[in-house]
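To keep things clear, I will list the structure first and then write my remarks on it.
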Amino acid sequence: MRDSVLLTGATGFLGSKLFTYLINKGFNVVILKRSYSNIWRIEKKLKYAKFYDIDKFDLRLPFEENKIKFLIHSATSYHGGSAFDTNLVFSKKILDLSIEYNIERFINTDTFYNYTNKVFYNMEEYQLSKKQFVDWLKIKSQNIGVTNMILGHIYGSDDQQDKFVPWLYEALKNQKIIEFTQGIQMRDFIYIKDVVKAYEQVLSFSKESGYLSVYVGLGEYVSIEQFVNKFAEVMKKNSQGSVSKLNFGAIPYKGEEIFKPVNIECDMILPASPEYNIEAGIKDLVNQK
C-alpha cells in the first residue's frame, strides 16, 4: 500500500496538479476543501481520493481516520481577513495536528514575493500572514520534519485567467497590438510540471525533524520582455497568434514592482535536472490549448 498524503488547496492551480500527480502515482490521497469549493480542476479524479469539507467536519477528523505520512499544504488566500485565517490560523492548526499525529513531513508552499523586503498594496495581510507562518514552521520544526517550498514564478495550464500568463496567451491570440510597461522586471519562470517534480523529490527525503528551505525554480532570471517575446514567437510558429506589435513602454508602472532578482537564502534548489526551460515550458502550454 502506498503512503497517505494529506493535501490542502487541491482545487487550486498548483494543488490540482499535485493532486493529479499523487493519484496517478498511487498515493492514498486525502484532501481538505470547503463544501462550496469549485472542483472543476479535479472533478474527474475526485472519486479516487478521500475528502473532508472543513466547514462541516472537525479538523481533527481526517487526522484521526487516516494514517497520514506527509502533509502538503498548498492552500492560500490573498485577500484581507481570509488571508489571516487561511495563511496563519488554519495553517497553524494543521501544523499542530501534524505534530500531534506524528506526520513525518510537513511540506509548506511559500512564494518569492515574501523575500523582496517590499510590502505590496492590497497584499499586506497576505505577505505578513505567510511570513509569520514560516516563523512558526521554524519554531515547530524541532518536533517534525518541515520543508518550506519557496516558489518562483510558476505558470501552466488551468491557472486563473486573471494571472499574467493566461492573460498573455489570450492577448497574443486575439489582439493585434498589445501595450506593456517597459518589461524590465526580472522573473524566474518555472513550468508547473517541473514544480510538481520538485514536490515529488521532496517526498523522497528521509524522515528527520528540522527545517529545510527549498527554492523551486530554474535559478535563471529573464525579463518580462524576453518572456513575452518568446511566448509570441512560439504562438506564431503554432499559428495561434494574431499580434502584429508588442508595444513595450507604452504604459507606466503602477505601484510597487520587483525589478531585480532577489537573493533568496535556501538549503537547496529544486527540481534537480528540470525538464522544461522557458521555451519548452511555453511550447508545452501552448500545445495544450
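Somewhere in the range 191-207, is a residue within 21 Å of D85 (Cβ to Cβ) and modelled with pLDDT of 95 or more? Walk me through how you get there before you give the answer.
At the first step, the residues of the range 191-207 found to be within 21 Å of D85 (Cβ to Cβ) are none.
For the range 191-207, residues within 21 Å of D85 (Cβ to Cβ) and modelled with pLDDT of 95 or more: absent.
Of the strands (runs of 3 or more DSSP E) lying entirely inside the range 148-263, those containing at least 1 residues that are touching a residue at least 12 places away in the same chain (Cβ under 8 Å) and closer than 30 Å to T11 by Cα span 153-155, 189-191, 210-216.
So, V222, is that one closer than 28 Å to I68 by Cβ and at pLDDT 90 or above or not?
On the way: closer than 28 Å to I68 by Cβ: no; at pLDDT 90 or above: yes.
So V222 does not fit the description; no.
The residues of the range 112-160 that are more than 16 Å from the chain's Cα centre (by Cα), over 23 Å from Y221 (Cα atoms) and among the charged types (D, E, K, R), listed by number, are E124, E125, D135, K138, K140. When we screen K245, K163, K138, K193 for residues that are among the charged types (D, E, K, R), within 30 Å of F70 (Cβ to Cβ) and touching a strand residue (DSSP E or B) at 6+ places or on another chain (Cβ under 6 Å), the only hit is K138. The residue of the range 105-155 that is nearest to A83 (Cα to Cα), among those that are surrounded by fewer than 16 Cβ atoms within 10 Å (Cβ to Cβ) and of a type in the set (A, V, I, L, M), is V119. Scanning the range 1-45 for residues that are among the small types (G, A, S) and closer than 14 Å to T76 by Cβ returns G9, A10, G12, G15, S16, S37.
Scanning the range 113-163 for residues that are closer than 24 Å to N38 by Cα, at pLDDT below 95 and among the aromatic types (F, W, Y) yields a single hit, Y126. Of all residues in the range 77-104, those that are crowded, with 22+ Cβ neighbours inside 10 Å and not in a helix (DSSP H, G or I) total 1.
The values are calculated or read from the model by the stated rules, or taken from the named source; none is laboratory data. This is a predicted model, so every value here is computed, not measured. Every residue, glycine as well, gets a Cβ built from its backbone with ideal geometry; the counts of neighbours run over all protein chains shown.
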